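The values are calculated or read from the model by the stated rules, or taken from the named source; none is laboratory data. Computed from a prediction, not measured in an experiment: that's the story for all the values here. Here the Cβ positions follow ideal geometry from the backbone for every residue, glycine too, while neighbour counts run over all protein chains shown. SASA here: full protein model, heavy atoms, side chains in, ligands and nucleic acids out. Shrake-Rupley method; radii C 1.70, N 1.55, O 1.52, S 1.80 Å.
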Amino acid sequence: MRELRYREALREAIAEEMDRDDRVFLMGEEVGYYQGAYKVTEGLLERFGARRVVDTPITEEGFAGVGVGAAMVGLRPIIEFMTWNFSAVAFDQIINHAAKIRQMSGGQFACPIVFRGPNGAARQTGAQHSQCWEAFYTHIPGLKVVAPATVADAKGLLKSAIRDDNPVLVLEDERLYGLKGEVPDGDHVVPIGVSAQVRDGDAVTIVTWGKMLHMVLPACELLAKEGVECAVIDLRSLRPLDLGPALASVEKTGRALVVQESWPYGGVGAEVVDRIQRDAFGALKGPVLRVTGRDASMPYNKHLEDLTIPSVDTVVRGVRAVLAW
Amino acid sequence: MAAPADELLGLYRQMLLIRRFEEAAAKAYSQGKIGGFLHLYIGQEASAVGALANLDAGDAIVGTYRDHGIALARGMSARACMAELYGKVTGCSKGLGGSMHFFDAERRMLGGDGIVGGHVAVAAGVAFASKYRGLKEVTLCFLGEGSVSIGGFHEALSLAALWDLPLVVIVENNEYSMGTPLSRTLSVHDTSQKAHGYGMASDRFKSDDVMEVKRRVGEAVARARETSKPTLIEVQTYRYRGHSMSDPGKYRTSDEVELRKKTDPIVKAESDLRALGVTDADLARIEAEVEAEVEDASRFADESAEPGEELIEAFTYA
Ligand SMILES: Cc1ncc(C[n+]2csc(CCOP(=O)(O)OP(=O)(O)O)c2C)c(N)n1
Ligand SMILES: [Mg+2]
């Protein structure tokens with residue numbers, strides 16, 4: 001075990017996979033000479049050279065498409081979006097091309113590509129730069145979506161994503177890049193489509209992912225002081241979705257809460273709620289509730305931003321609301 | 001004071017206001033009074049000031065996240081701009097937009113857009129509306145040289161040329177797109193060449209002399225107003241600060257920056273003003289006025305109220 005930062009874990013995953021496999025290359029804005037807008041790719045240009053670490057102009061649709069084409073003929077591109085907000089410009093390539101190639105070609109062409117970058121709100125970056133993209137992309141058959149919340153998972157899930165024969169979208173988080181955590185030595189690979197129970201409890205099952213895990217765990221500590229012990233499931237992969245551990249926990253607790261940063265309308269949380277009520281209906285003592293971001297574009301003002309994103313406090317209130325049934 | 005100096009004096013004052021405003025903003029940012037991204041315009045002032053000097057009240061402006069200069073040049077108050085940076089309800093976007101999203105409907109300032117490229121098409125749409133209504137209004141759109149490869153820019157140019165829209169697109173070539181010099185983002189050195197494929201008029205000049213910027217952009221504005229033809233302009237300029245406050249600017253040398261400061265548009269305007277008979281005392285008076293205006297704006301921003309929680313959802317729908 002070694003302690004790394006989240007950004008270093010991602011970098012290790014990229015570097016190790018590039019060492020393993022010459023087909024793997026990295027492409028995106030400021031990934032090379034500038035060392036990455038958020039320093040995830042620091043040192044990679046020096047180590048692998050400009051053939052494999054490719055700086056692009058601001059052309060998201062173009063370089064996402066170049067990635068798709070290269071992937072169709074056997075390369076394994078890692079496409080960095082400076083933030084996922086800019087993937088909107090590449091929506092067509094991800095949704096109409098990457099996701100559909102395999103099906104449309106009757107299985108003749110695969111698209112083994114990784115799209116990655118920070119997702120969700122950073123700090124006061126306003127309406128256009130603070131969005132969560134999981135609802136958009138998990139909607140699409142043919143795409144896999146992962147959202148590592150821990151440093152070890154950042155490395156392990158990215159390695160799996162690079163080795164996967166499908167398009168895999170890795171939703172990182174700017175607020176997590178500096179997070180420190182233990183990472184197992186060696187070739188640490190975390191399979192896609194396996195969730196993790198990170199806390200046990202008998203009161204409420206909380207299902208979450210990404211940055212919100214770090215709101216949920218402190219909330220659980222506060223509640224534990226009152227004798228309320230919550231179980232916490234970190235989904236890790238959002239598509240495919242593994243609700244096995246969550247359902248097993250709900251069988252014990254009879255209560256569930258989903259905590260997500262993204263907007264309430266539709267989305268991953270709604271999918272989780274639907275599956276829990278279908279597959280664990282008999283065990284439920286009340287409705288499955290959600291704590292979500294507020295249903296509005298992100299305001300710039302700090303105070304309003306804090307009110308818009310779920311906090312430790314709103315998670316605690318969410319648990320109380322579930323328990324009130 | 002000599003009469004020919006009056007016009008330049010006005011433009012000089014605007015440039016100075018932008019610079020002092022942004023210096024104050026940089027300080028407030030380091031004190032934690034401003035958050036998020038803060039992209040400074042320092043060094044590029046003559047571009048916005050010279051260009052906007054050609055506009056009438058009915059004309060429109062669409063810009064990028066680097067928008068403080070065009071906002072102030074459009075006559076938006078330093079108070080409303082600074083309060084927006086501080087996230088206050090008295091700000092030009094009620095504290096909801098921040099540095100990248102300055103808006104002012106009355107002055108037809110339509111942002112402050114943070115996603116590269118898309119706003120050029122929006123600007124074409126504003127020009128389309130002017131033509132649709134039969135009004136002789138012009139839309140001015142600003143973007144950076146690093147943004148001329150993206151689809152939104154090209155689709156907008158293609159449509160503006162096809163439909164003869166009264167649009168002037170100004171590429172501010174400050175030589176860097178974040179940390180990337182133009183030579184690594186583009187296969188040509190002159191972004192105004194992009195006009196050729198669309199059969200559009202183009203021009204290219206330096207931003208050192210604000211009067212020259214005014215004159216050259218004026219030709220394009222007249223073309224748009226009189227003949228409803230679009231123009232693509234490259235203004236060659238330079239930013240002294242990093243891409244945003246979080247950029248240490250390691251991709252260029254301090255010698256390079258110092259060299260470029262020698263052709264500073266404010267310094268040039270000052271020496272031109274002196275040659276026209278403006279005295280040191282006149283310049284000192286303007287400096288004092290501008291400083292007072294910026295101090296007042298900072299105080300106003302400090303003392304203004306935060307937007308209330310009810311504003312979070314208030315503007316989601318009409
Ligand atoms: C579609 C999109 N991709 C990436 C970004 C991130 N980004 C913001 S500004 C910028 C550089 C733009 O450089 P340039 O066009 O030269 O304008 P300047 O900042 O120099 O004024 C980048 C990459 C963005 N805002 N939108
Ligand atoms: Mg630039």
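Observations on the structure shown:
- Qualifying positions in region B:166-202 - of a type outside the set (Gly, Ala, Ser) and near ligand 1 (Cβ under 9 Å from one of its atoms): B:171, B:172, B:173, B:174, B:175, B:176, B:178, B:180, B:182, B:185
- Options B:306, B:258, B:295: the member that is more than 16 Å from ligand 2 (Cβ to nearest atom), open to solvent by 70 Å² or more (accessible area, probe 1.4 Å), assigned to a helix (DSSP H, G or I) and over 18 Å from residue B:44 (Cα atoms): B:295
- Residue check: residue A:109 meets all listed conditions (1) surrounded by fewer than 17 Cβ atoms within 10 Å (Cβ to Cβ); (2) closer than 30 Å to residue B:35 by Cβ but one, namely (2).
- Residue in region B:90-111 that is open to solvent by 10 Å² or more (accessible area, probe 1.4 Å), within 30 Å of residue A:91 (Cα to Cα), in contact (Cβ under 8 Å) with a residue 40 or more places away in the chain and more than 14 Å from the chain's Cα centre (by Cα) present: yes
- Pick from region A:133-151, criterion in a loop (DSSP other than H, G, I, E, B) and in contact with a Leu (Cβ under 8 Å, 6 or more places away or on another chain), ranking: nearest to the other protein chains (Cβ to nearest Cβ): A:133
- Only residues that are crowded, with 24+ Cβ neighbours inside 10 Å and either without any contact (Cβ under 8 Å) to a residue 60 or more places away in the chain or not small (Gly, Ala, Ser) (or both) were counted across region B:127-149, and they come to 9.
- Within region B:150-178, considering residues that are more than 16 Å from ligand 2 (Cβ to nearest atom) and not in a helix (DSSP H, G or I), the one most open to solvent (accessible area, probe 1.4 Å): B:163
- Boolean, residue B:76 is modelled with pLDDT of 95 or more, under 29 Å from residue A:82 (Cα atoms) and more than 16 Å from ligand 2 (Cβ to nearest atom): no
- Taken together, the residues in region A:57-86 that are within 11 Å of chain B (Cβ to nearest Cβ) and more than 16 Å from ligand 2 (Cβ to nearest atom) amount to 8.
- Scanning region B:206-244 for residues that are under 17 Å from the mean Cα position of the chain (by Cα), of a type in the set (A, V, I, L, M, F, W, C) and open to solvent by 10 Å² or more (accessible area, probe 1.4 Å) gives a single hit, B:211.
- Of all residues in region A:122-142 being more than 13 Å from the chain's Cα centre (by Cα) and hydrophobic (A, V, I, L, M, F, W, C), the one that is surrounded by the most Cβ atoms within 10 Å (Cβ to Cβ): A:122
- Just one of (1) of a type outside the set (Gly, Ala, Ser); (2) closer than 23 Å to residue A:61 by Cβ; (3) over 16 Å from the mean Cα position of the chain (by Cα); (4) within 12 Å of chain A (Cβ to nearest Cβ) fails for residue B:122. It is (4).
Residues checked against (1) touching a residue at least 60 places away in the same chain (Cβ under 8 Å); (2) more than 16 Å from ligand 2 (Cβ to nearest atom); (3) closer than 24 Å to residue A:269 by Cα:
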site: A:99; (1), (2), (3): yes, yes, yes
site: A:114; (1), (2), (3): no, yes, yes
site: A:126; (1), (2), (3): yes, yes, yes
site: A:141; (1), (2), (3): no, yes, yes
site: A:144; (1), (2), (3): yes, yes, yes
site: A:147; (1), (2), (3): yes, yes, yes
site: A:150; (1), (2), (3): yes, yes, yes
site: A:181; (1), (2), (3): yes, yes, no
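- Taking region A:64-79 as the range and being in a helix (DSSP H, G or I) and among the small types (Gly, Ala, Ser) as the test, the residues that pass are A:64, A:65, A:67, A:69, A:70, A:71.
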